[in-house]
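Here the structure is laid out as structure tokens; the discussion comes afterwards.
The values are calculated or read from the model by the stated rules, or taken from the named source; none is laboratory data. Please read all numbers here as calculations on a predicted model, not as lab measurements. For neighbour counting, all protein chains shown are included, and Cβ atoms are generated from backbone atoms with ideal geometry for every residue, glycine included. Heavy atoms of the whole protein, side chains included, go into the accessibility calculation; ligands, DNA and RNA do not. Shrake-Rupley method; radii C 1.70, N 1.55, O 1.52, S 1.80 Å.
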Amino acid sequence: MNRFLSTKNTFTIAILWGIVLFFIVMLAINYEEGNDPIIPMIIISLVTGFVLWVLLDTRYVIKNNFLLYRSGPIRGRVDISKIKSIKRYSGLNVPVMLKPALDIKGFIITYNAFDDLFISPIQSDTFIAEMKKINPQIEVI
């Protein structure tokens, strides 16, 4: 079992931590003023928890011929034997729907007939080597 953490883009991390701090300050201000609107406080707490979960728990694991990915509550797995290609990609507009990553530089993994996944492992060369050990037919672009 090999674990790979996600790379972190400074701008993305700054925005996400800014959101967390903003919501915490909003909760503190409402609490000090004596405002107890319970529904907004619950919603803000849930959003803050979600963003923290994504920030602190984005990783990829290669285990039993599967690539397991998780980014907070977003989780899934890809059968490595069905991966057709891994393409390096860098840019703000990633042409993929599923992006469990914290960076704008990473890989677009194409598997099955039309499925794509964008990930950004820290040790990219080791990651690709481990994937190619399991499926040597993967085309690296």
The range 4-25 residues that are open to solvent by 40 Å² or more (accessible area, probe 1.4 Å), paired with ones that are assigned to a helix (DSSP H, G or I) (beta carbon under 7 Å, 6 or more apart): 19/51; 23/44; 23/47; 23/48; 24/48
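Quick grid of which residues meet (1) surrounded by 18 or more Cβ atoms within 10 Å (Cβ to Cβ); (2) over 26 Å from residue 134 (Cα atoms); (3) in contact (Cβ under 8 Å) with a residue 60 or more places away in the chain:
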| position | (1), (2), (3) |
| --- | --- |
| 30 | no, yes, no |
| 42 | no, yes, no |
| 61 | no, no, yes |
| 69 | yes, no, no |
| 76 | no, no, no |
| 86 | yes, no, no |
| 101 | yes, no, yes |
Which numbered condition residue 50 fails, given (1) closer than 19 Å to residue 135 by Cα; (2) surrounded by fewer than 16 Cβ atoms within 10 Å (Cβ to Cβ); (3) aromatic (Phe, Trp, Tyr): (1)
Residues (among the small types (Gly, Ala, Ser) and either closer than 17 Å to residue 1 by Cβ or surrounded by fewer than 22 Cβ atoms within 10 Å (Cβ to Cβ) (or both)) located in the range 116-132: 124, 129
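Could you list, in sequence order, all residues of the range 92-107 that are within 10 Å of residue 71 (Cβ to Cβ) and among the hydrophobic types (A, V, I, L, M, F, W, C)?
Selection gives 98, 101, 102.
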Search result, residues across the range 104-140 that are in contact with a Ser or Thr (Cβ under 6 Å, 6 or more places away or on another chain) and more than 20 Å from residue 11 (Cα to Cα): 110, 116, 135, 139
